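As structure tokens, the structure follows; a few thoughts come after it.
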Amino acid sequence: MESVREIKRLRLMAIEAGLDGATKLKRYTLADLRLIFNGIGSDKFPEKIRKLLDKLHPSLMPVALIHDVEWHKSDNSMKKFTESNTRFKKNGYKIAKYRYCFLDPRRYIVMNQARRFGNLCQLFGWSAWTSPCECAICKAKRGKDKKK
Ligand SMILES: [Zn+2]
């Protein structure tokens, strides 16, 4: 799990880079974001995605943070699902351009990975999107509801 300081850095970067959906991150405390954020390779994502992309480029972490918040808040709709995966790709391009100049090959590496990841989520992520969120906050909440 990332440190609170790291989450703070990622949130700031998302805002500074003008990522789509970055304002959503302000609705959560850093402590909550830390619990929601799994980065990539999270349990929430199907094995296929994890195997195909075992590690997300560090530049994509702020993009993944927004994506994770959206999955945490999933309404199980196809519309929001597609929007979230499209946003991942769009934000990946944005952050790649924000961080690396057009001569820097890393720009294209990050863009490629963002596109692949967004596409993989769209292909294989539906069951994760429509099943209960596995973050610590949601798990704890379900535990409490059971006791009632
Ligand atoms: Zn959750």
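Some points to look at:
- Residue that is surrounded by the most Cβ atoms within 10 Å (Cβ to Cβ) [pool: residues in the range 85-99 that are hydroxyl-bearing (Ser, Thr, Tyr) and touching a residue at least 24 places away in the same chain (Cβ under 8 Å)]: Tyr98
- Residues of the range 51-91 satisfying the condition of being out of contact with any Gly (no Cβ under 7 Å at 6 or more places or on another chain), of a type in the set (Gly, Ala, Ser) and part of a helix (DSSP H, G or I): Ser59, Ser84
- Output for the range 84-138, where each listed residue is within 16 Å of the ligand (Cβ to nearest atom) and aromatic (Phe, Trp, Tyr): Trp129
- The residues in the range 45-77 that are under 17 Å from Lys24 (Cβ atoms) and within 16 Å of the ligand (Cβ to nearest atom) can be counted, and the count is 12.
Any read-out appearing in this document is the output of simple, stated calculations on the displayed coordinates, not a laboratory observation. Just so it is clear, the structure is predicted and the values come from calculations on it, not from any experiment. Glycine gets a Cβ as well: all are built from the backbone with ideal geometry, and neighbour counts include every protein chain shown.
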